[in-house]
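Chemist: This is the structure, below, for whatever I ask next.
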Amino acid sequence: MNYRVLGKSGLVVSELCLGTMTFGGATSESDSIEMIDRFLERGGNFIDTANVYVSGKSEEIVGKAIRNRRSDVVLATKVRMATGSGVNQRGLSRKHIMDGVEESLKRLQTDYIDLYQVHVVDHLTPIEETLRTLDDLVASGKVRYIGCSNFLAYQIMKSLGISDHNRYVRFISVQPQYSLVSREMDREVLPLCLEENVGVIPWAPLGGGFLTGRYERGVEPSEGRLTAKAGESRWELRSTEKNFAILDAVKDIAKEADKTPAQVALNWLIHKPGITAPIFGASTLAQYEDNIGAAGWKLSESQWERLDQVSALPSEYPYRFIEKFRREL
Ligand SMILES: NC(=O)c1ccc[n+]([C@@H]2O[C@H](COP(=O)([O-])OP(=O)(O)OC[C@H]3O[C@@H](n4cnc5c(N)ncnc54)[C@H](OP(=O)(O)O)[C@@H]3O)[C@@H](O)[C@H]2O)c1
């Protein structure tokens, strides 16, 4: 396992982060605990959860699994989504964040969260209120670092500016969807994060399983994540001809490199400039064993380039136009 510093901080994380969105749901409690054990034994130290995953069960299981080795783990969780039907049981107000952190700490059986992330932007709450609250939580010791997820580039930049102006702690990481089949962040978020030294920890790095090679053109799946009616990984969104062309390249390279498609897709991401640590999911221990094999090695330069090119976004204004005027000495 290799390690990286998360954004502009001294926090060192493994190059793969273990996602726990299925823990207590599609993944049984005993398999979830076993997965965390194997991940930590293998040198992984970075675990991502959220207060709403499986209605709090994911946090409970993570808390149980790491209770006796809390300091070995960089524990990331989130706040923002609805935790009840009350009008203040959602969002990024001071009230909901303060309530949310207490509930997460209880479920996680700890007195601090390493990385507290706001799950999605909240258009109702002034971002100043959210950032001031997060700064207070860091000052109180309940939270050590803060990050955001599912923010537009201008919202990230505005937040960084407000934090700097007020001398609040700033986001050290961003958690967007990003993979070979979802490269929208190439336009603005990745360049911003590179320039501002903000860590990027992508979710759905396997496109919800699409990039593992288990799906075929024209064969609509009858089980698994891609059958979901809503969500970013549903079949209707994933099964485009471009995505299958990307998958063909992943499979070719997997054969050539004697790796699996999942390992190749994750390895491309681990070595993408600006990416700190993909957050991979695994519903079963077998999937976990496959995916963890993406760490500790590197695709050849030509294999990496082939994947980068086949998955690139189309050239578009204004990026195309502005790029022509890039001056270099
Ligand atoms: N911030 C956010 O808004 C947000 C949103 C989503 C996720 N996340 C975080 O990111 C993590 C990962 O997200 P994700 O689960 O969408 O990512 P992913 O790694 O792209 O997809 C994981 C899913 O793909 C399938 N899969 C994984 N490895 C496989 C393998 N080797 N062979 C066959 N199938 C395999 C499994 O689904 P099946 O059940 O179909 O087998 C598994 O649950 C989550 O756990 C969570 O921590 C954050």
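Chemist: Could you tally up the Lys pairs in the range 1-113 with alpha carbons closer than 17 Å? Skip any pair fewer than 8 positions apart unless they're on separate chains. Numbers along the way, then the final one.
Modeler: Working: K57/K78; K57/K106; K64/K106; K78/K95; K78/K106.
Value for the range 1-113: 5.
Chemist: Right, here's the next one. Can you compute the modelled spin-label distance between E188 and D37, with each label point 7 Å from Cα toward Cβ, in nm?
Modeler: Placing both labels 7 Å along Cα→Cβ, they lie 4.7 nm apart.
Chemist: Could you give me the ³J(HN,Hα) list for the range 78-94, computed from phi with Karplus coefficients 6.51, -1.76, 1.60 and θ = phi - 60°, whole Hz, x at Gly and Pro?
Modeler: So the J values, rounded to whole Hz, are 9, 9, 2, 5, 5, 10, x, 8, x, 5, 9, 9, 6, x, 10, 6, 4.
Chemist: Here is a follow-up. Can you give the FRET efficiency to the nearest 0.05 for R326 and N2, using r as the Cβ-Cβ distance and R₀ = 25 Å? Working shown, then result.
Modeler: Working: r = 31 Å, r/R0 = 1.24.
That gives a FRET efficiency of 0.20.
Chemist: I would also like to ask the following. For the range 1-157, build the charge dipole from Cβ charges (+1 Lys, Arg; -1 Asp, Glu) around the Cα centre, then report which of V74, M157, S55 sits farthest towards its positive end.
Modeler: Checked the options; the winner is M157.
Chemist: What is the range 211-329 by shape, rounded, prolate or oblate, if you read a ≥ b ≥ c off the alpha carbon gyration tensor as root eigenvalues and call it rounded for a/c under 1.5, prolate for a/b larger than b/c, and oblate otherwise?
Modeler: Values: a/c = 1.94, a/b = 1.35, b/c = 1.44.
Note, shape of the range 211-329 comes out oblate.
Chemist: Under 15 Å from the Cβ of V54, count the other residues' Cβ atoms, weight Lys and Arg +1, Asp and Glu -1, and hand me the total. Please list the in-between numbers first.
Modeler: Working: positive: K57, K64, K78, R107, R225; negative: E29, D31, D48, E59, E60, E103.
Here the charged neighbours net out to -1.
Chemist: Using per-residue counts of other Cβ atoms within 10 Å, averaged over each peptide, order 83-90, 236-243, 154-161 from highest down. Spell out each step's value before the answer.
Modeler: Details: 83-90: 12.1, 236-243: 14.4, 154-161: 16.4.
Highest to lowest by the protection proxy: 154-161, 236-243, 83-90.
Chemist: Follow-up question, since we're still on this one. How many angstrom lie between the Cα centre of the range 271-293 and the Cα centre of the range 14-64?
Modeler: Value for the Cα centre distance between the two parts: 13 Å.
Chemist: Further, regarding this structure: Beta carbons within 10 angstrom, averaged per residue: use that to sort the peptides 263-273, 20-30, highest first. Mind showing how you got there, number by number?
Modeler: On the way: 263-273: 22.7, 20-30: 19.4.
Peptide ranking by packing, descending: 263-273, 20-30.
Chemist: When Lys and Arg each count +1 and Asp and Glu each count -1, what net charge do the other residues less than 13 Å away from D308, Cβ to Cβ, add up to?
Modeler: On the way: positive: R183, K272, R306; negative: D186, E301, E305.
It works out to a net charge of 0.
Chemist: Find the relative contact order for the range 111-233 and round it to a whole percent, using C-alpha pairs within less than 8 Å whose residues are 6+ positions apart.
Modeler: On the way: 152 pairs, mean separation 24.3, N = 123.
In percent, rounded to a whole number, it is 20.
Chemist: Here's a follow-up. Taking a cut-off of 22 Å between Cα atoms, list the lysines near K255, but don't count ones fewer than 8 places away on the same chain.
Modeler: K242, K272, K298
Chemist: May I ask what percent, to the nearest 5, of DSSP beta bridges between residues of the chain are antiparallel?
Modeler: Rounded to the nearest five, the antiparallel share is 15 percent.
Chemist: Normalised by the number of residues in the chain, what is the relative contact order in percent for Cα pairs under 8 Å and 6+ residues apart? Walk me through the numbers on the way to the answer.
Modeler: Working: 565 pairs, mean separation 57.2, N = 329.
Result for the chain is 17 percent.
Chemist: Using the Cα centre as the reference, give the magnitude of the dipole from point charges on the C-beta atoms of the chain (Lys, Arg: +1; Asp, Glu: -1; all else neutral), rounded to the nearest 20 debye. Display every interim value, and only then the final one.
Modeler: Working: 41 positive and 44 negative charges, 96 e Å.
Dipole of the chain, to the nearest 20 debye: 460 debye.
Chemist: Let me have the relative contact order for the range 173-276, percent, based on Cα pairs under 8 Å that are six or more residues apart.
Modeler: On the way: 121 pairs, mean separation 33.3, N = 104.
Value for the range 173-276: 32 percent.
Chemist: Compute the distance from the alpha-carbon center of the range 124-147 to that of the range 169-187, in whole Å.
Modeler: If you average the Cα positions of each part, the centres end up 21 Å apart.
Chemist: Across the range 181-186, in residue order, what do the Karplus-derived ³J(HN,Hα) couplings come to in whole Hz, using 6.51 cos²θ - 1.76 cosθ + 1.60 with θ = phi - 60° and x for Gly and Pro?
Modeler: So the J values, rounded to whole Hz, are 9, 7, 10, 4, 5, 4.
Chemist: Taking 0.36 nm per intervening residue step and subtracting the Cα-Cα distance, what contour gain separates L237 from D136 on full extension? Kindly include the intermediate steps, with their values, before the conclusion.
Modeler: Details: separation 101, 0.36 × 101 = 36.36 nm, distance 4.00 nm.
Difference between extended and current length: 32.4 nm.
Chemist: Using a 10 angstrom cutoff on alpha carbons, build the Gaussian network for the chain and name the most mobile of G224, G63, G91.
Modeler: G224
Chemist: Assign one of three labels to the chain, namely rounded, prolate or oblate, based on the Cα gyration tensor with a ≥ b ≥ c the square roots of its eigenvalues; rounded applies when a/c is under 1.5, prolate when it is not and a/b is larger than b/c, and oblate otherwise.
Modeler: Working: a/c = 1.58, a/b = 1.20, b/c = 1.32.
Here the chain falls in the oblate category.
Chemist: Given +1 on the Cβ of Lys and Arg, -1 on the Cβ of Asp and Glu, and no further charges, what dipole in debye does the range 91-164 carry about its Cα centre, rounded to the nearest 20? Walk me through the numbers before you get to the answer.
Modeler: Details: 8 positive and 11 negative charges, 19 e Å.
Rounded to the nearest 20 debye, it is 100 debye.
Every number here is computed from the coordinates shown, using simple stated rules; none is lab data. The structure presented is a predicted model; accordingly, all values stated were derived computationally and were not measured. Ideal geometry is used to build each Cβ from the backbone, glycine not excepted, and the neighbour counts take in all protein chains shown.
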